[in-house]
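The block underneath contains the structure these notes are about, expressed in structure tokens.
The values are calculated or read from the model by the stated rules, or taken from the named source; none is laboratory data. Keep in mind the model is a prediction, meaning the values are calculated, not measured. All Cβ positions, glycine included, derive from the backbone under ideal geometry; neighbour counts span all protein chains shown.
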Amino acid sequence: MSLLAVLLVLMIIGAIIAIETTNLLSSIVCVGAVGFLISIAFLFMGAPDLAITQLVVEALCLIILIRATINRDLTSVTGDREFFGLTVTVAMVLVCLIAGVKVFEDFPAFGQTVMDRMADTPSSVYLAHGTEQTGARNVITALILGYRNYDALGQVAVIFCAVIGALAILRRPAKKDQKAKDSEADAV
Amino acid sequence: MVYALCLVLIAIGLYGVVVKKNVVKIVISLAIIEYGINVLLVLIGYRSGGCAPILQQGMTAATLVANSVDPLPQALVLTAIMINLGMLILMVAICIRLYERYGTFDITEMRRLKG
């Protein structure tokens, strides 16, 4: 528990630096640090699959975010900050924080799972029968590619949509339109 | 207490989304919120001293049920991580387009967003 707490505190420090620093590139690097810390935390939480996925996704995130900011002029936000608005915002975020802490009373205590409190939860059924029913020794594999395969299908569909959307947004205007505009200008 | 630290991470991201005026900073703040939520979900299924939900040599299903961490949140978070990547791709594409159109990342200078 103490190790996880230390990792989380490091993540919080990284997040604060990422949000408050003025240089965009260093802020992206700080987000990368937070992501890799989360990967380590997943390893200690008994989730090696998640740690591997997080590593790959984090590398991709860094590349994509750097693509967004490289060769761009450094945008310096010069607008004066309204003190009143900032105070109200911080107060609202604090209210959200306190309300969220109240929710934790309904969670299982740290270090206990839902499986400990109830018999025959879906998780314990998956753990008990996953290997014999699907043949996968890794229960996560059995879950994603066996019991909840439609979940994986939906995930692939979402990523496909995101890539198609990104291509549609980044697409250059077609040459044909340009030619049509030129010919219109000539005609005028 | 560990749950509360995750919530602090989410709150920092929320602060960044609301206060910051740079589009890339807002995207980064959203990514931080996603990280916080992922860690919180996996922590709910954590069992102190638990092993990974993988059937190792010499283990039976009964010992796995008694010792392993909860596999269900992990499977769902695995999906969520990939979907977050898709969201990030889309947001960064919009950022690049906005920069090409306005020449800045500052949202206070983007005043021509009319229909």
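If you go through the stretch B:27-43, how many residues are among the β-branched types (V, I, T) and surrounded by fewer than 19 Cβ atoms within 10 Å (Cβ to Cβ)?
Of all residues in the stretch B:27-43, those among the β-branched types (V, I, T) come to B:27-28, B:32-33, B:37, B:39, B:42.
Imposing the further condition that a residue be surrounded by fewer than 19 Cβ atoms within 10 Å (Cβ to Cβ) reduces the set to B:37.
Total satisfying the criteria: 1.
For B:L72, indicate whether it is outside any loop (DSSP other than H, G, I, E, B) and surrounded by fewer than 22 Cβ atoms within 10 Å (Cβ to Cβ). For B:L72, the condition - outside any loop (DSSP other than H, G, I, E, B) and surrounded by fewer than 22 Cβ atoms within 10 Å (Cβ to Cβ) - is not met. Considering A:L50, A:L25, the condition of being under 30 Å from B:V65 (Cβ atoms) and of a type in the set (A, V, I, L, M, F, W, C) is satisfied by A:L50 alone. If the requirement is being closer than 30 Å to B:I94 by Cα, within 7 Å of chain A (Cβ to nearest Cβ) and either part of a loop (DSSP other than H, G, I, E, B) or not polar (S, T, N, Q) (or both), which of these qualifies: B:I26, B:I33, B:I12, B:I37? Only one candidate qualifies: B:I12.
Of these, B:A93, B:A66, which one is free of Cβ contacts under 8 Å to residues at least 60 places away in the same chain, in a helix (DSSP H, G or I) and surrounded by fewer than 18 Cβ atoms within 10 Å (Cβ to Cβ)?
On the way: B:A93 fails: surrounded by fewer than 18 Cβ atoms within 10 Å (Cβ to Cβ).
After ruling out the rest, the residue left standing is B:A66.
Scanning the stretch B:96-112 for residues being surrounded by fewer than 22 Cβ atoms within 10 Å (Cβ to Cβ), at the interface with chain A (Cβ under 8 Å from one of its Cβ atoms) and assigned to a loop (DSSP other than H, G, I, E, B) gives a total of 2. Is it true that some residue in the stretch B:66-87 is among the charged types (D, E, K, R), more than 7 Å from chain A (Cβ to nearest Cβ) and touching a helix residue (DSSP H, G or I) at 6+ places or on another chain (Cβ under 7 Å)? No: zero hits. Looking only at residues of the stretch B:42-52 that are over 22 Å from the mean Cα position of the chain (by Cα) and within 19 Å of A:T121 (Cβ to Cβ), we find that the one that is nearest to the other protein chains (Cβ to nearest Cβ) is B:S48. Condition test on A:I140, is it outside the structural domain of A:G46 (by TED's automatic domain parsing), touching a Pro at 6+ places or on another chain (Cβ under 9 Å), at pLDDT 85 or above and of a type in the set (V, I, T)? So A:I140 passes the test.
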